[in-house]
Amino acid sequence: MPSAKANRVTHVSRGNVFDDLGFSPEKALALKFKAKILTAILDEVRRKKYRQGQLVVLLDEHQPVVSNLLHGKISQMSIEKLLIFANRLGLALDIRRSRPSAKRSRAA
């Protein structure tokens, strides 16, 4: 049986892993958007059972880039590039507007 020490909480998330990792609010927001776009792309790829070769043609991209995409290696990809890929897969992505919570708003 694990000891109580092994079950002790060592970190409590604030709800956004990118904030938790110490990224600036702006960088955390960009990474969050990239992650959401990537998730939509990968869901569609799995749903339609695309193979890497098919995606090379469909996305009009080189094989190493498609491989990186499928493995979640998107640090060098722009949000714009990911949106282009989503569009070529027939995805319609939507952005919702909401007000930040009081604890996250900046003081003027």
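Structure above, values below:
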item: Options Arg47, Arg99, Arg88; residue that is of a type in the set (Lys, Arg) and touching an Asp or Glu at 6+ places or on another chain (Cβ under 9 Å); result: Arg88
item: Among (1) without any contact (Cβ under 8 Å) to a residue 24 or more places away in the chain; (2) exposed (fewer than 13 other Cβ atoms within 10 Å of the Cβ) - the single one Gly72 does not satisfy; result: (1)
item: Complete set of residues in the stretch 54-69 that are in contact (Cβ under 8 Å) with a residue 24 or more places away in the chain and in a loop (DSSP other than H, G, I, E, B); result: Asp60, Glu61
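Where a number appears in this text, it was derived from the coordinates with a stated rule and is not lab data. Since the structure is predicted, the reported quantities are computational estimates derived from the model, not experimental observations. FYI the Cβ positions are ideal-geometry reconstructions off the backbone, even for glycines, and counts take in every protein chain you see.
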